[in-house]
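Heads up, the thing below is written out as structure tokens.
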Amino acid sequence: MKISDFKITMDPLLPLVVLLMAWILSERYYPELILSHYSYVYWIMGGISSLFLTISIFIHELGHALTAKKLNLPLERIHLFLFGGMAELKHRPLNPGQELIIALAGPAASLLFAGFVFLLISLNDVSAPVYLVLQYIMYMNLLLGLFNLLPIFPLDGGRAVRAIIWKQRNNFHEASKSTYTISILLIGILFILALLTLFRFELTVTIWVNLLAAYLAYTAISGKQELIYQPELSDLIMSIGYPRNPHSIIEEVKSLDYNVLKQCMIPVLSDEQLSYVIHGNDIMPNGSDTQFESFYREVEPGHFIDILNQNTYHTNIHFKAAYIPVLQNGFFVGLCDANELRFWLLQE
């Protein structure tokens, strides 16, 4: 499904999880809270509650998405999986301020929705079943917002911590490594606290705290590769073989990924310097034609990156394609993902 300029996708097993949650709530949870109702009432309560759990996750991710759009960071999609979701941006936030605002927007959306449901409960005289369903929705959003504020990566709180350290140290990679260290230390403390609960609480509490710590450890370790990732410049540039005429470059791009061609700015070179560009979308779907002169465009800012000239990739530059030519002191060296290369160049 597509809304505005981004897609919404979901795990194919998500409907089964919604049904499972509806069964648990209707057969185990609500019957213990309210007695003497027909079974279909419990099923309606469980079904609505289970559905709103998924809707609540979507609202959380929509908070990230709308904030990113407000900051002119395009969104690829919102993906809902079995017990969570993810708002996937087309490229990284360019500065710590953007990352901090986007990270906090999700929990803020959840907490605002919890507050809205609380007002519905407070200002309206509702029946017991409706009250319990609204209470469940409120608690779930409150929990979703507060849980995601834990300063453990890749939770939103962990991303906020990275943004703050990034701002202080002015170094994204160092901030990422420090965030991972903080995450592991906090998870270790949580495991210790879980053991201490044995002396004060029932075994069930200890098991649940340990499960939470184990889940957070899994998420942190899974996110480690993202945190420690620091590419070499050569990793970000796709080299192009010879001959370097438009036809050969187009064929090479098509052989790597045909879908990239329509998002690519093809260079027209003269003595390895950029004379014109061709937007791949202009020549689709007949990308193998040999007559390209009619598609030539004058070179403008946003058509290329020169790695030795920050004026070609500073944050105010709007790239005219997702993949553009890379120059070094005016000479062509390859193609790149424009926003990814800009991000790492700005970190140097």
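In the range 176-189, is there at least one residue being outside any helix (DSSP H, G or I) and either among the aliphatic types (A, V, I, L, M) or surrounded by 13 or more Cβ atoms within 10 Å (Cβ to Cβ) (or both)? Working first, answer last.
Narrowing the range 176-189 to residues outside any helix (DSSP H, G or I): none.
Checking the range 176-189: not a single residue is outside any helix (DSSP H, G or I) and either among the aliphatic types (A, V, I, L, M) or surrounded by 13 or more Cβ atoms within 10 Å (Cβ to Cβ) (or both).
Taking the range 194-206 only, how many residues are more than 31 Å from the chain's Cα centre (by Cα) and within 24 Å of residue 155 (Cα to Cα)?
Count: 3.
Please work out which one of (1) free of Cβ contacts under 8 Å to residues at least 60 places away in the same chain; (2) part of a helix (DSSP H, G or I); (3) under 21 Å from residue 10 (Cα atoms) is the condition residue 134 fails and give its number.
For residue 134, the exception is condition (3).
Report, by residue number, each residue of the range 158-174 that is of a type in the set (A, V, I, L, M) and either open to solvent by 40 Å² or more (accessible area, probe 1.4 Å) or modelled with pLDDT under 95 (or both).
Matches in the range 158-174: 164 only.
Where the second residue is not in a helix (DSSP H, G or I) and the first is under 18 Å from residue 345 (Cβ atoms) and lies in the range 162-176, which pairs have Cβ atoms under 6 Å and are six or more apart or on separate chains?
So the pair list comes out as 173/230.
Please go through (1) polar (S, T, N, Q); (2) within 23 Å of the chain's Cα centre (by Cα); (3) more than 14 Å from residue 151 (Cβ to Cβ) for residue 183 and return the number of the only condition it doesn't satisfy.
(3)
When residue 124 is evaluated against the numbered criteria (1) more than 24 Å from residue 49 (Cβ to Cβ); (2) over 20 Å from the mean Cα position of the chain (by Cα); (3) open to solvent by 40 Å² or more (accessible area, probe 1.4 Å), which criterion, by number, is the only one it fails?
(1)
For the range 1-108, give me every one of the helices (runs of 4 or more DSSP H) that falls completely inside it and has 3 or more residues that are crowded, with 16+ Cβ neighbours inside 10 Å.
Filter on the range 1-108 gives 14-24, 39-70.
Look through 154, 129 and report the one residue that is part of a loop (DSSP other than H, G, I, E, B) and buried (at least 17 other Cβ atoms within 10 Å of the Cβ).
154
The values are calculated or read from the model by the stated rules, or taken from the named source; none is laboratory data. Everything numeric in this text was worked out from a predicted model, so none of it was measured. With ideal geometry, Cβ positions are generated from the backbone for all residues, glycine too; neighbour counts draw on all protein chains shown. What goes into the accessible areas is simple: the full protein's heavy atoms, side chains included, and nothing from ligands, DNA or RNA. Shrake-Rupley method; radii C 1.70, N 1.55, O 1.52, S 1.80 Å.
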